[in-house]
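Data block below; observations after.
Read-outs throughout are calculated quantities, based only on the coordinates presented, and are distinct from any laboratory measurement. Treat the numbers as computed from the prediction; the structure is a model and nothing was measured.
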């Protein structure tokens, strides 16, 4: 089994607590009506909904394929780190204070064997880069709107 690692980050001009809350609330914010890009055609919360203990199923259209996956959420460092893990990989989201804003970093590991592993190493970084750039830009606008409303 091989692993493909991908990291994306962005300095977001919104309070870190607001940014983290948007990321951790899968029921109301971290979903297809919130800041997720259109490539996510579905995000369904199966258990919980906010942070630790949440389980969700999502469908992502990437490279002409629809990928459906289930992830369990933990909070290794509440208020700073979210971890979404499941079969086939995981994503660690880190929110760090930077001045009045937040540095947000997504660290994704895709686990696949055989031909799928080779294809993942070749194409995943090229497909994930624009997806994560779009998501981080949407997250910034979304968090700014929620910070202004608070």
Rounded to the nearest 500 deg cm²/dmol, what is the calculated helix-only ellipticity per residue at 222 nm for the chain, with -39500 (n - 2.57) per DSSP H run of length n ≥ 4?
-> -10500 deg cm²/dmol
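Based only on Cα atoms, what mean projected area does the convex hull of the range 15-102 have, in nm²?
5.8
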Stretch gain in nm, segment residue 42-residue 70, where the contour uses 0.36 nm per residue and the Cα spacing is subtracted = 8.9 nm
Taking every C-alpha to C-alpha distance in the range 1-61 and binning by 5 Å from 0, the per-bin percentages run 4, 16, 20, 22, 21, 13, 3, 1
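Could you compute Rg(Cα) / (2.2 N^0.38 Å) for the range 2-149, with N its residue count? All intermediate terms of the calculation are to be shown ahead of the outcome.
Working: Rg = 14.7 Å, N = 148, 2.2 N^0.38 = 14.7 Å.
Cα-based Rg divided by the globular estimate yields 1.00.
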Nearest 10 degrees, 0 to 90: helix 114-149 Cα axis against the chain principal axis = 10
